[in-house]
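In what follows, a structure is listed as structure tokens, so that the remarks can point back to it.
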């Protein structure tokens, strides 16, 4: 899924933006470059003379910067938290964290049923994280 970058240009009358196909999404602007995701199978139409768009090969650092700044990624993160909170409270999550760390360090022994509860919690959270990864993949991230 291609991501393009371009620099917005202005004159006395107009601000020039990327001409993008339906379904394209502006992700964010970093250091004067605006990053746009264009879904697979779509091409950029001809651009205004003032705009020079270029495809981006994402490295890990740039991908993480875009994910941190992008409003779409922030929304995905918020929805992931909401999905978890629908089933587990913050207190539940802290409880599972404490007993998991305690067991890992040899400072705590599971009580009956706790190992299964922790496994169910872990599996649920991982399914939510997978949903989030799929959502970000649709944005080319």
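Observations on the model:
- Per-region count, the stretch 5-29, residues assigned to a strand (DSSP E or B) and more than 17 Å from the chain's Cα centre (by Cα): 6
Residue-wise test of (1) surrounded by 14 or more Cβ atoms within 10 Å (Cβ to Cβ); (2) outside the structural domain of residue 133 (by TED's automatic domain parsing).
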site	(1), (2)
12	no, yes
16	yes, yes
28	yes, yes
75	no, no
82	no, no
88	yes, no
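- Residue match in the stretch 67-80 (condition: within 22 Å of residue 20 (Cα to Cα) and not in a helix (DSSP H, G or I)): yes
- Within the stretch 30-55, the set of residues being surrounded by 13 or more Cβ atoms within 10 Å (Cβ to Cβ) and not in a loop (DSSP other than H, G, I, E, B) comprises 30, 33, 34, 35, 36, 37.
The values are calculated or read from the model by the stated rules, or taken from the named source; none is laboratory data. Please read all numbers here as calculations on a predicted model, not as lab measurements. All Cβ positions, glycine included, derive from the backbone under ideal geometry; neighbour counts span all protein chains shown.
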